[in-house]
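Here's the structure, in structure tokens; my notes come after.
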Amino acid sequence: MTVDEGRILTAEGIQMRFGGVTALDGVSVHIPAGRVSGLIGPNGAGKSTLLGILSGAHRPDFGTVRFNGVNLTGAGRTVAAHSGVIQTFQKASPFRGMTVLENVLVGMTNRFDPGLFGVLFRPRWVRRTERQWRERAQELLEEFGLSEYAQADAASLSFGQLRLLELARAMLAEPQILLLDEPAAGLNAQETKLIHQAVVRVRDNGVGVLIVDHDVRFLFGLCDHIIAMDYGRIIAEGPPEDVERDPAVRAAYLTV
């Protein structure tokens, strides 16, 4: 595993209020490429709000989000995705009426825009590029154990397979940082193991990963770094074994 400190998503001094409730209070995080970080905390700790801010979907009241030195604060998910920061969601919803392969190919829209001329006339370079993207999509289906379902209706996949499909689609967009929202939620032990293996492959490809999940055992067995939150603040962070022993973490989360 290699942590590339040159490619890093940072949030500094993030504050966010909803009405009279402080969701985030001066939160700072650093998510480098080549490392899996986990974000834990009880309900209402501010995890989902932070993920939305890191993805560009929400603009904080105060603080900045930068990736590779570029300000992405409140830039929107599309801008963040084009920059290399991509979020997946807990509810894995395929594009219905499309095959599994076609669903993965949706991920190339962040990287390939042939323009109106290319769409209408489909010159040779467009056909060649599309063929290359299709080959890469098929490689990803192989990597994530879905190649036999390439021509199947995506709606026919199991819940766990849909999570893998969403990961494959995200990887086709060539992320540098991947934000995962509860990828293990609702999965059985075998499906969770497959997600674990998939995330390791993502990390080993040099992508930085930040995972929010309530399955603490899953995160502690997978992550290189854990960030623990409570009441909108970071109360501990570091290697999983250190965070697990932290008295503040155990009081706030692990023993509830």
Could you state, as a whole-number percent, how many of the C-alpha pairs of the chain are farther apart than 28 Å? 35
Charge dipole of the chain built from unit charges on the beta carbon (Lys, Arg +1; Asp, Glu -1), centred at mean Cα; most positive-end Cα among 235, 73, 62 is 73
Computed helical MRE - 222 nm, the chain, DSSP H runs ≥ 4 contributing -39500 (n - 2.57), nearest 500: -10500 deg cm²/dmol
If I model a spin label at residue 129 and residue 30 as a point 7 Å from the Cα along the Cα→Cβ vector, what separation in nanometres do I get? 3.7
Mean separation of Cα contacts under 8 Å (at least 6 apart) over the residue count of region 4-254, i.e. the relative contact order in percent, is 28
Rough spin-label spacing in nm, given labels placed 7 Å along Cα→Cβ, for residue 217 and residue 251: 2.7
In whole angstrom, and with the biggest value first, how far do the Cα coordinates of region 126-256 range along each principal axis? 57, 28, 22
Return the tail of the calculated pair distribution for region 53-103, meaning the percent of Cα-Cα pairs more than 14 Å apart. 57
Which one of 208, 74, 56 has the biggest mean-square fluctuation once the chain is modelled by GNM with Cα springs under 10 Å? 74
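Computed from the coordinates by the stated procedures, all read-outs in this text should not be read as laboratory data. Please read these numbers as outputs of a predicted model, since none were measured by experiment. Positions of Cβ are backbone-derived with ideal geometry, glycine not excepted, and every protein chain shown enters the neighbour counts.
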